[in-house]
Amino acid sequence: MKYVNNGLRVCWIFFKTILWELVTELISVIILTVLFTIKMLQLYGKNMNSRDLSSYIFHDLEYDPVFFGCLLILNIILILVLYVIYHRKEPDMLPFERKNCISKYIKGYICGLILFTLIWLISLGLGGFQVELIFKHGNIAMLCLFFVGYLFQGMSEEVLFRGYLYKRLNTFLPLPMVIALTSLLFAVMHLGNDGISILAFINLIIFGVFTALIRYHSNSLWFISALHSAWNFTQGPLLGVAVSGNGNQQFVLFSKLSDATALINGGSFGLEGSLITTLILLVAIFAITKKFSCIEKLICK
């Protein structure tokens with residue numbers, strides 16, 4: 001009976017986690033769609049008919065990088081809602097401690113940048129991409145937009161999965177089960193992304209395990225929030241790789257897929273679908289579980 005009750009509790013917590021994600025994302029999409037549509041009508045209203053307007057709302061906005069960048073920023077809604085609701089009554093659910101928060105965030109961001117750049121360099125060396133420099137001065141504003149956007153996007157996913165979900169499950173399940181379930185749901189939430197593959201799904205689970213272990217050892221969300229943000233910003237806007245299947249956000253380099261196998265470059269999903277990512281993340285997990293002194297000092301102090 002205990003296992004049945006625990007199973008039902010897990011399902012209910014999963015449902016609430018997914019609901020948090022979907023509702024806040026829906027609110028963000030509605031807010032931005034209204035604002036962008038009003039702006040479009042102000043500029044071109046006299047020359048637009050209902051068909052043009054419908055095409056703009058349901059098609060053009062989907063491929064507008066400015067819209068997508070603003071959508072990333074509005075992930076702050078999820079962060080603020082969960083923080084306001086749970087921080088005071090359950091402060092250990094969202095451990096954003098003040099002590100050394102800046103140094104932890106900076107170290108996490110640098111680690112995320114280095115980690116993904118290493119994966120990209122290995123793939124590049126194995127012929128996974130043909131790289132083109134596409135930076136121009138006009139891209140600076142977009143880089144700033146996506147930099148800020150991914151700060152909030154990375155943090156929002158960590159707040160939801162390694163904050164809310166992690167803590168809820170940890171009240172009645174052992175740690176290995178908590179890490180496994182949070183990582184599984186994190187991967188499941190990416191199943192609708194373009195180019196998803198079995199290996200990409202596995203890598204998302206491994207990434208979830210990696211970040212959950214850091215959360216456990218550091219008892220903080222600062223480091224992993226920064227690492228997650230840097231991971232996404234580096235692969236998309238900086239290196240020009242698809243971010244979990246989301247393209248159209250290359251502003252410095254454009255990493256065009258070569259004829260190499262998807263095991264090397266991840267295919268249309270991006271490098272998160274490559275075997276290189278699998279190996280690098282497994283090495284990182286090994287280093288964390290072995291509790292090397294340099295790793296503990298990095299993530300805990």
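The values are calculated or read from the model by the stated rules, or taken from the named source; none is laboratory data. Bear in mind that the values here come from a model prediction, so they are computed numbers and not experimental data. No Cβ is skipped: glycine too gets one built from the backbone with ideal geometry, and neighbour counts run over all protein chains shown. The protein model used for the area step is the full one, side chains on, heavy atoms only, and it has no ligands, DNA or RNA in it. Shrake-Rupley method; radii C 1.70, N 1.55, O 1.52, S 1.80 Å.
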Counting Lys and Arg as +1 and Asp and Glu as -1, what is the net charge of the other residues whose Cβ lies under 12 Å from the Cβ of residue 246?
-> -3
Could you give the radius of gyration (one decimal) and Dmax (whole number) of the Cα atoms in the stretch 179-265, in Å?
-> 14.1, 43
Percent of C-alpha pairs per 10 Å bin, the chain, short to long = 6, 26, 34, 24, 9, 2, 0
Rounded to whole Å and sorted largest first, list the principal axis extents of the Cα atoms in the stretch 156-301.
-> 46, 32, 24
Give the accessible surface of the chain per residue, rounded to a whole number of Å², with probe radius 1.4 Å and ligands, DNA and RNA excluded.
-> 50
The stretch 196-273: relative contact order from alpha carbon pairs under 8 Å, six or more residues apart, as a whole percent, is 31
Alpha-carbon Rg with Dmax, taken over the stretch 1-157, Å | 21.0, 66
Would you mind getting the Kirkwood hydrodynamic radius of the stretch 120-196 from its Cα pairs, rounded to one decimal in Å?
-> 15.9
Output the peptides 206-215, 173-182 sorted from most to least packed, where packing is the average of other Cβ atoms within 10 Å over each peptide's residues.
-> 206-215, 173-182
Over the stretch 172-301, calculate the relative contact order: mean separation of alpha carbon pairs under 8 Å at least 6 apart, over the residue count, as a percent.
-> 26
One finds the C-alpha centres of the stretch 12-36 and the stretch 147-166 to be spaced, in Å, by 14
How many percent of the alpha carbon pairs in the stretch 6-64 exceed a separation of 19 Å?
-> 48
Here the alpha-carbon Rg of the stretch 83-154 over 2.2 N^0.38 Å rounds to 1.59
Take the alpha-carbon positions of the stretch 38-122, form their convex hull, and give its projected area averaged over all directions (one quarter of the hull surface) in nm².
-> 10.0
Per the 1.4 Å probe, what fraction of the accessible area of the chain, in percent, lies on carbon and sulfur atoms?
-> 69
Restraint check, 99/290; 107/256; 107/290; 16/167, Cα-Cα greater than 22 Å | 99/290; 107/256
